[in-house]
């Protein structure tokens with residue numbers, strides 16, 4: 001796990017300064033604090049900041065092929081590298097390291113861009129092929145590892161994080177109004193758009209190819225929900241899933257350093273920790289977040305599992321002010337506005353893991369997307385039922401099954417609940433049915449946009465841009481699969497795996513690994529009949545079936561509680577945070593011109609006084625604060641020189657491969 | 001009438017954040033998208049706290065809560081009852 005960076009001159013030879021690359025990797029040093037490497041040739045420069053996990057002695061990057069004509073800078077893990085290596089050796093390839101990185105170079109020699117189809121892993125990399133003067137940049141199938149790029153003065157500059165691109169003074173640092181419109185609707189931008197004008201993100205499952213003066217972006221993998229024609233019994237499906245998860249967990253434990261696991265108390269991390277305990281020799285070391293606010297806390301379930309698995313466990317207890325205090329650092333890492341504070345506790349958790357000497361953790365992330373765990377899937381089913389059977393006597397019963405974990409449940413009044421679930425979907429393409437209530441609710445936060453911002457957005461319809469990004473034939477799938485597809489292409493890479501995943505883990509040099517997102521597991525789950533994923537209103541039905549004799553019944557049967565953290569309370573309760581006073585002052589709001597100062601002041605007043613605050617207000621508060629922090633950090637106060645960081649890189653184990 | 005103007009003030013401050021764009025007494029809060037699921041509970045807390053009424057679940061229905069007029073009628077009725 002590492003940080004990568006590079007510069008490529010599109011129109012021929014032009015010298016690339018090592019200093020440029022050095023600045024880029026210096027600012028990514030949290031991703032790779034163990035050493036730095038560079039490769040510079042006539043029109044290309046590659047940089048690398050390394051977190052050593054596999055082949056600790058030999059795996060320094062950039063890495064090359066036998067005759068040094070193909071070079072790679074790589075961030076991530078190839079879990080099946082041992083098998084691939086054996087195969088490549090038998091075909092006559094010579095290796096000079098024991099790393100997983102070198103495997104990609106030789107695979108590329110044999111298969112070109114199709115090498116991607118052989119990789120089981122999570123990655124972003126750039127390969128320079130001198131033989132045909134080709135630059136090949138790729139990202140893993142679901143978007144676990146990040147890759148951003150921009151074009152400037154005839155060059156493409158790319159890196160694991162946007163801040164590395166900003167170390168080039170010529171790159172403009174401006175928040176994109178359309179990105180704000182998208183984030184305050186979908187929680188994420190629609191790729192390749194990012195929060196910053198002119199900065200792009202390579203979408204998951206895509207590669208970028210530049211050769212002979214042309215460049216193109218191509219998709220090499222996608223989720224496919226076409227059902228398998230070979231229908232099996234529930235027990236057979238459960239058995240197959242279990243076998244696959246055992247294998248993906250084993251594979252993802254491969255490392256030359258100790259591997260830990262997150263334990264939330266929910267079923268997904270319970271599955272992963274249990275499989276480690278029961279099917280591998282890896283000593284089980286676990287970590288969790290608990291909350292002082294009981295509404296968010298899952299300690300009771302965590303304790304049950306810790307006892308059951310007899311694991312060596314550490315946890316961090318989060319208070320409101322813990323979240324508020326670290327939030328500016330969190331936004332330095334997310335590089336985009338967020339509407340919930342949930343990444344902040346995970347930022348603190350990765351710090352705890354690091355302090356305990358671990359670099360790698362397995363987590364249950366991805367299960368809700370591939371096995372239909374989220375409430376949005378249940379809600380969709382309920383809405384469709386209510387529309388189809390207006391007179392059914394089951395209506396009140398069904399409504400009551402939604403959101404039982406919420407303190408302020410929307411179903412307290414059935415008449416109101418029915419009204420809320422009756423959402424007008426006519427303005428949207430039918431295939432977005434599942435997500436319209438979420439988007440409509442979130443979009444209400446735009447009431448706080450300033451007149452200037454609203455003016456800039458006049459006539460812009462974000463859903464049209466979404467329709468260009470998503471395929472237009474989702475109707476070919478059943479309703480559940482449509483919803484899962486949208487979730488897996490928007491929120492999963494745009495928030496869960498990035499702001500709440502890679503960025504807050506790598507902030508403390510921690511690599512997350514996700515056995516549920518092994519592409520074999522995804523492909524298997526997508527092909528299951530929908531009722532096997534969600535049976536009636538039982539979410540993750542087949543996962544529970546497959547694990548029922550391994551995991552305590554109290555965990556299997558517990559009502560799903562989504563991971564959330566206190567939002568507005570983290571900023572507005574208790575001791576006052578100096579940056580909040582400054583950012584939310586009338587002057588700062590007026591100067592920055594994103595939000596309406598009067599409306600924001602009313603929202604803050606309401607938040608401080610009201611005993612109950614809804615999703616919309618909470619999202620607005622977190623969204624406003626994070627947008628202003630983004631502006632403050634990257635637009636106003638960004639140090640392009642980062643001299644101090646560069647000096648630390650030079651002093652600290654710089655490893656120049658070829659300059 | 002004081003009651004209606006208090007309700008209006010609450011709605012404008014808490015659901016429109018000061019942007020009173022001609023909120024009619026008959027306008028449905030639901031229809032205008034002013035109130036979400038928590039909004040109803042915010043409204044409920046306001047009514048219970050400010051007017052000392054205790055609302056039972058059966059009364060928490062759009063017929064009583066879904067416009068300035070409906071809510072003011074409901075509060076008037078309840079305060080007389082009590």
- prompt: For the stretch A:430-483, which fully contained helices (runs of 4 or more DSSP H) count at least 2 residues that are surrounded by 19 or more Cβ atoms within 10 Å (Cβ to Cβ) and within 14 Å of chain B (Cβ to nearest Cβ)?
  reply: A:436-443
message: If residue A:390 satisfies all but one of (1) away from chain B (no Cβ under 14 Å); (2) surrounded by 17 or more Cβ atoms within 10 Å (Cβ to Cβ); (3) at pLDDT below 85, what's the number of the condition it fails?
response: (2)
message: Any residue that is within 14 Å of another protein chain (Cβ to nearest Cβ) and touching a residue at least 40 places away in the same chain (Cβ under 8 Å) - is there at least one of those in the stretch A:533-540?
response: no
field: Pair list, Cβ < 7 Å and 6+ apart or interchain, from the stretch B:12-34 residues that are within 11 Å of chain A (Cβ to nearest Cβ) to residues that are outside any loop (DSSP other than H, G, I, E, B) and exposed (fewer than 15 other Cβ atoms within 10 Å of the Cβ)
entry: B:18/A:598
task: Provide a single number: the residues in the stretch A:579-623 that are part of a loop (DSSP other than H, G, I, E, B) and at pLDDT 95 or above.
output: 5
task: Take the stretch A:152-197 and flag every residue that is in a loop (DSSP other than H, G, I, E, B) and without any contact (Cβ under 8 Å) to a residue 40 or more places away in the chain.
output: A:153, A:170, A:171, A:172, A:176, A:192, A:197
message: Being over 15 Å from residue A:444 (Cα atoms), out of contact with any helix residue (DSSP H, G or I) (no Cβ under 8 Å at 6 or more places or on another chain), within 10 Å of chain A (Cβ to nearest Cβ) and surrounded by 14 or more Cβ atoms within 10 Å (Cβ to Cβ): is that true of residue B:57 here?
response: no
- request: Working only within the stretch A:342-363, note down all residues that are out of contact with any helix residue (DSSP H, G or I) (no Cβ under 7 Å at 6 or more places or on another chain) and in a loop (DSSP other than H, G, I, E, B).
  value: A:356, A:357, A:358, A:359
task: Could you tell me which numbered condition residue A:200 fails, if it satisfies all but one of (1) touching a strand residue (DSSP E or B) at 6+ places or on another chain (Cβ under 7 Å); (2) in contact (Cβ under 8 Å) with a residue 60 or more places away in the chain; (3) crowded, with 18+ Cβ neighbours inside 10 Å?
output: (2)
message: Among the listed residues A:106, A:93, identify the single one that is more than 19 Å from residue A:2 (Cα to Cα) and in a loop (DSSP other than H, G, I, E, B).
response: A:93
field: Number of the condition not met by residue A:369 [criteria: (1) touching a strand residue (DSSP E or B) at 6+ places or on another chain (Cβ under 9 Å); (2) in a helix (DSSP H, G or I)]
entry: (1)
field: Filter result (over 18 Å from residue A:306 (Cβ atoms), modelled with pLDDT under 90 and surrounded by 16 or more Cβ atoms within 10 Å (Cβ to Cβ)) within the stretch A:539-562
entry: A:560
query: Which fully enclosed helices (runs of 4 or more DSSP H) of chain B have 1 or more residues being at pLDDT 90 or above and closer than 25 Å to residue A:600 by Cα?
result: B:2-15, B:37-51, B:68-81
Out of A:567, A:596, sole residue that is more than 27 Å from the chain's Cα centre (by Cα) and surrounded by 21 or more Cβ atoms within 10 Å (Cβ to Cβ): A:596
query: (1) without any contact (Cβ under 8 Å) to a residue 24 or more places away in the chain; (2) part of a loop (DSSP other than H, G, I, E, B): which one isn't true of residue A:216, the others all being true?
result: (2)
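The values are calculated or read from the model by the stated rules, or taken from the named source; none is laboratory data. Please read these numbers as outputs of a predicted model, since none were measured by experiment. We place every Cβ from the backbone using ideal geometry, glycine too, and count neighbours over all the protein chains shown.
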